[in-house]
Ligand code: GLU
């Protein structure tokens, strides 16, 4: 099953609950626009390199379209289309005034020099600058991109359109970025984890947490959960993982990973593989890396009682069913990782108003939005006796359907 089919299945389950007609379903599923472009750059050695770039604008009924730019060798049109659709439901679940979009380039950013990465980014913006804009479509970081890439992107856009910081979010602070944007997705995941424990009457304090992925999202998730009193007992990255039953010192682990390039070999911890992390003896499992990691085979062996989806689309539908049958509570990506796009929204608002918010205000507003969204999803799941995923999709899809219907065709 590819990612399109998986997203489709979750959509159909929620659409059945909402009683949407086939015609409305087709309307909601069909992207507004899909663009595929060639990116050709000279490499530092003078040779020419070509890559394929995508921008998919899924839905704009609730506002300008919003979503990240992913640089990863496995990026393809299907994946970007799926992720664009997820952005539409995600912005709607947390009730931001946005639609959904996603972009990406099929490239391994680690295989490029900084100068090559800059040329790739500028060339991509050259190809798509007419279809993005502060009131149209607002890119942001995603896997393989960061604030520096956003700085090049906004600079290239401004060569055509003049000063427009609100066209891109996730920018460096020095270039109209926002306080708290980098930590936002992880902080949101931690807030949702705490809310889930509270709702289930379980204590987060002392709970054992396993985090797969130690990039921006995994790192900040682990840091904030440790701060909230959880024991982060297992962490992995692409090269492997480490665990310690008493809990890892996340700040020290982060320093070690920065120096050595990986969490592997962290002093005092035992090694474990990425696969072992998913089935390790923890209370809360947080996939925070690639999609599709929770397969039906693995789902039967997951020992955590709670799964918080910090990554986009980490759980395949059959695995979701297995987890549901086994009583494992799964908080879906479109709710759990919405903290990133929420602080992107704050950045955009600050850019439009040319008025800065401090970190205290950002954190308080993030907490308010994430908690309200969690409470709404939880309440609907209880009242309709459906999973949190179906409830989140019902709220997201329901809001988009309503806006589409009110506006007329
Ligand atoms: N890439 C992030 C996501 O998948 C953030 C998107 C944004 O800030 O627009 O939610």
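General observations
- Quick note on the chain: its Rg to Rh ratio, both from C-alpha atoms and Rh being the Kirkwood radius, is 0.95.
- Förster radius 56 Å - calculated FRET efficiency between residue 273 and residue 409 (Cβ-Cβ, nearest 0.05): 0.60
- Between region 233-289 and region 41-79, the alpha-carbon center distance in angstrom: 30
- Fluctuation leader among 314, 73, 31 - the chain, Gaussian network, Cα springs under 10 angstrom: 73
- The per residue volume of the convex hull around the alpha-carbon atoms of region 126-264 is 133 Å³.
- Overall form of region 318-376 per C-alpha gyration tensor (a/c, 1.5; a/b vs b/c): prolate
- Anisotropy class of region 167-241 from Cα gyration tensor, a/c 1.5 cut: oblate
- For the chain, adding -39500 (n - 2.57) for each run of n ≥ 4 DSSP H residues and dividing by the number of residues yields -15500 deg cm²/dmol at 222 nm.
- Zone residues, region 46-65, relative to residue 115, backbone N less than 17 Å from point 7 Å out along Cα-to-Cβ: 46-49
- Here the relative contact order of the chain, from alpha carbon pairs under 8 Å that lie six or more residues apart, stands at 17 percent.
- The protection proxy used here, the mean number of other Cβ atoms lying within 10 Å of each residue, ranks peptides 193-203, 166-176 as follows, highest first: 166-176, 193-203.
- A Gaussian network model of the chain, with springs between Cα atoms under 10 Å, assigns the largest mean-square fluctuation among 291, 398, 46 to 46.
- Three-way shape label, region 1-57, alpha-carbon gyration tensor, a/c 1.5: prolate
- Residue-span extension gain [residue 358 to residue 258] - 0.36 nm each, minus C-alpha spacing: 33.3 nm
- Radius of gyration over Kirkwood radius for region 36-167, both on Cα atoms: the Rg/Rh ratio is 0.97.
Any read-out appearing in this document is the output of simple, stated calculations on the displayed coordinates, not a laboratory observation. Being a predicted model, the structure only gives us computed values, none of them experimental. As a convention, Cβ positions derive from the backbone with ideal geometry for all residues, glycine included, and neighbour counts pool all protein chains shown.
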